[in-house]
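Encoded as C-alpha cells, the structure appears first; notes follow it.
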Amino acid sequence: MADQKDDDEDIAEELAFERLSAAGADADVASNFLRAKTEVLRKQLHQLHLSHFREWLYTSAEIVLGLVILLIFVGIASAVWSAAHDNGLVIESFSVPADMTSRGLTGEVVAARLLDKLSALQARTVSSRAASSYANDWGKDIKVQIPETGVSIGQLDSYLRGWLGNETHISGELYRDAAGNLILTARVGSDAGPVFAGKQADLDQLLQKAAESVYLRTQPYRYAVYLSSQNVNDQSKADAVYRRLAANSSLNERAWAYIGISNIYKTRNQHDESIRVLHKALALRPNFAMALLNLSQEEANLQHDEESYEWSLKLVKALKSGDASDMDPRSAALTARAAQAANAGSVGDFQEQLRLDAEGENLPDAGNQLENLREVDVVAYAFLHDGPGVHGAISDNPLSTDKNVILNRTAVMLGAYFQLGRWSDALAVADALEVMAADLGQAGISFEERFIRPLAAAAMAMKGDIHDANSRIEHTPPDCDLCARARARIDMVQHRWGAAAYWLAMVSQRSPSIPFADTDWGMMLLQKGDAAGAIEKFRSANRKGPHFADALEGWGEALMAQNRSDLALTKFEQANRYAPHWGRLHWKWGEALLYSGNKDAAKKQLAIAAGLYLMPAERAAVAKDTAAAR
C-alpha cells in the first residue's frame with residue numbers, strides 16, 4: 001500500500017507540473033517546483049540507502065553469530081570426539097620422598113624419566129605391525145600429567161578424556177624402606193604393579209625395570225618383539241609372552257603371536273615348526289599378509305623355489321585386496337613392491353625386478369626394507385650378466401657397521417660372483433660367510449648348508465677342484481633346489497650326464513613355474529652334444545619364463561650347433577631385449593652373423609661384446625672372432 005501511495009503522489013506532482021507549464025507559469029515558479037521535487041527525491045534516496053544498510057548490517061550480524069555458534073559446536077564436538085578416541089598413555093606425577101624433592105627429584109621428574117624409558121623401548125621395537133592394530137595402543141601419545149589448580153581448558157579436556165576416552169594411566173611412588181633402600185612401584189590403572197628395590201645409585205635401573213613392566217602389561221606384543229631383538233641367543237622370555245598371547249587373546253592378537261613364535265623357531269633352525277605355526281596363523285586369518293610373507297621367506301630360505309613363489313603370489317593378491325590393514329602402511333607398501341619384484345625374478349624377468357625395486361626404493365623406509373631392495377638389485381644385475389651394473393648397485397649401498405647388514409651384503413656378493421662366473425672371488429666370499437654363519441649359532445645352520453655350501457662346492461668344481469667339490473656337496477639336503485642344481489653342475493664338469501640329468505629332472509618336476517633347472521638342463525645337453533634335446537629344454541624354460549634371457553641365448557647356441565645360425569639370430573635378438581649388457585650374448589650373436597656371412601654386422605656385435613663384461617676365455621674368443629671378421 002505504501003508503494004501505491006508513493007506512485008500516486010508522483011503522478012499528482014507530474015500533473016501539477018504539466019498544468020503549470022500549460023498555464024505559462026513563471027520560469028522561477030517552475031524552477032522552484034523542480035528544486036523542491038529534487039530535494040524530496042534526494043531525501044527519499046538517502047532513506048532508501050539507510051534502510052538497505054540496516055538490512056545488510058542485521059544480516060551480517062546474524063551470519064557472524066551463526067558462524068560463532070557453529071565454531072563453538074565444532075570445537076565441542078571435536079573435543080568430545082578426540083576424547084572418545086584417546087588411547088594415549090598418561091604418566092601421573094609420582095609420590096617421592098621429601099628429601100629427594102628438595103634436591104630436584106620431584107614427582108614430575110620421576111614421571112618424565114619413566115616416559116623417556118618407555119619412549120626408548122618403543123624406538124627399539126621394530127615391527128611391520130601397524131600401531132593401530134594393537135588391542136591397547138598408545139602409539140606416540142605418551143605424556144606426563146602435571147597437577148593443575150582451579151578449572152581450566154586443560155582440566156576440562158582432561159575430564160573429557162577420563163570420562164569418554166580409553167587413556168592408560170600410570171601412577172606410582174618412590175620411597176625408602178627401613179634399611180634406606182629405594183622402593184619403586186609403577187601401577188597401570190588400578191592394578192598393583194611389581195615392586196623394584198635397589199640403592200640410590202640404582203635409580204636408573206629401577207626406572208628401566210619399571211618401564212619394561214609397564215611395556216609388558218600395556219603392549220605385550222611389542223614387548224615380546226623388543227625382547228627378541230635384545231637377546232637373539234635366548235628367546236625364552238619372548239617365547240613365553242607370545243605363547244600367552246596365542247592362548248588368551250583376540251583372534252588378531254593370536255595370529256600375530258604365531259608370527260612371533262614362528263620367528264623364534266626360525267632362529268632355532270626349526271624351519272618345519274616355523275612353517276607349521278605360520279599355517280596356524282593362516283587358519284585364523286586365511287589372507288593374513290604377514291603370514292604369507294613369512295611363509296614365502298621361509299620357503300626361500302629352504303631353497304624351495306616353487307613354494308616360495310606360490311606364497312609370494314598369494315601375498316601380492318592379499319596386499320592388493322587390502323588385507324594388510326594391520327601392517328604398518330609404509331611396510332605394506334614396500335612389501336608389495338618387494339613381493340612383485342621377487343615374483344618377476346623367480347621367473348627370470350630381472351629387468352622387471354629392477355624396475356619394481358626402483359619403485360620401492362622411492363618409498364619411505366620401514367624396518368630397513370630399502371636395504372633389502374638394494375641388495376636384491378645386486379643379484380638381479382648379476383643374473384643379467386651385467387658386471388658394471390653389479391658394482392654400481394653395490395656402490396649405491398651406504399656404509400654400515402650393522403652385523404646383520406654386513407652378513408646379508410656378503411651373501412649377496414657370493415650369489416653375484418657365482419652368477420658372473422668369478423669362481424675365485426665367490427670362494428673367498430664363501431669362506432668369510434662360513435665364519436659369519438658360525439657366529440649365528442643355530443640360526444646359521446640352514447643358511448650354511450642350503451646357500452653357502454652348494455655355491456662354494458659348485459665354484460670349486462668350476463675351478464677344477466672336483467674332490468673337494470664332491471666332499472662339500474655330499475651332505476646337502478635333497479629337497480634344496482639350489483643344492484640339487486649345484487650337484488648337477490658338479491656332475492656336468494665330470495661329464496656324468498646321467499647323474500646331472502637326475503638332479504635337474506627332480507628340480508624341474510617340483511618347480512613347474514621356475515625356468516632355472518630347465519635352462520641348466522639345456523646347457524648340460526648342449527655341452528653333451530645333444531643340440532635337439534637342449535632346444536627342448538630351452539623351449540620348456542622359455543614357457544616358464546618368457547623374459548629369461550639365458551634360455552633364449554642357450555636356444556640360439558643350440559641352433560648354431562645345428563648349423564642354423566640364421567635361426568639363432570632371432571633368439572639372440574630376443575635375448576637382447578631382456579639382457580642387453582650381456583657380453584657372451586653379443587659375442588655369440590656376432591659369431592652367428594659371421595657364420596651367416598654378414599661380417600659388417602658381426603664386427604658391430606663383437607665390438608659391443610668387447611666393451612662388456614666377459615670371462616677371460618670369452619674375451620680371448622671375441623678377439624679371435626674379431627680378427628676373422630676383418
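Taking a 18 Å limit on the Cα-Cα distance, which of the listed pairs Lys463/Lys588; Lys209/Lys403; Lys599/Lys624; Lys604/Lys624; Lys209/Lys237; Lys588/Lys624 fall beyond it?
Going by Cα-Cα distance, Lys463/Lys588; Lys209/Lys403 fall outside the 18 Å limit.
Enter the per residue convex hull volume of segment 486-599, computed from alpha-carbon coordinates, in Å³ rounded to the nearest integer.
Residue-normalised Cα hull volume stands at 95 Å³.
Going by how many other Cβ atoms sit within 10 Å of their own, how do Thr185, Thr335, Thr101 line up, fewest first?
Ascending Cβ contact count within 10 Å gives the list Thr101, Thr185, Thr335.
For the ranges 336-343, 459-466, what's the packing order if you count other beta-carbon atoms within 10 Å of each residue, average per peptide, and put the highest first?
336-343, 459-466
Can you sort Tyr265, Tyr175 so the residue with the fewest Cβ neighbours within 10 Å comes first?
By the 10 Å Cβ count, ascending, the order reads Tyr175, Tyr265.
Restricting to Cα pairs below 8 Å that are 6+ residues apart, what does the relative contact order work out to for segment 524-588? Please round to a whole percent.
About 27 percent, as a whole number.
Treat segment 351-490 as a sphere of radius equal to its Kirkwood radius over Cα pairs and apply Stokes-Einstein at 4 °C in a medium of 1.567 mPa s; give the translational diffusion coefficient in µm²/s, rounded to a whole number.
The calculation lands on 82 µm²/s.
Determine, for each peptide in 375-382, 243-250, the mean count of other beta carbons within 10 angstrom over its residues, then list the peptides with the highest first.
375-382, 243-250
Please give me the summed charge of the neighbours of Gln303: other residues whose Cβ is under 14 Å from its Cβ, Lys and Arg +1, Asp and Glu -1.
-4
Every read-out reported here was derived from the displayed coordinates using simple, explicitly stated rules and does not represent laboratory data. Model, not experiment: these values are computed from the prediction. Because the Cβ atoms are built from the backbone with ideal geometry, glycine has one as well, and the counts that use them run over all protein chains shown.
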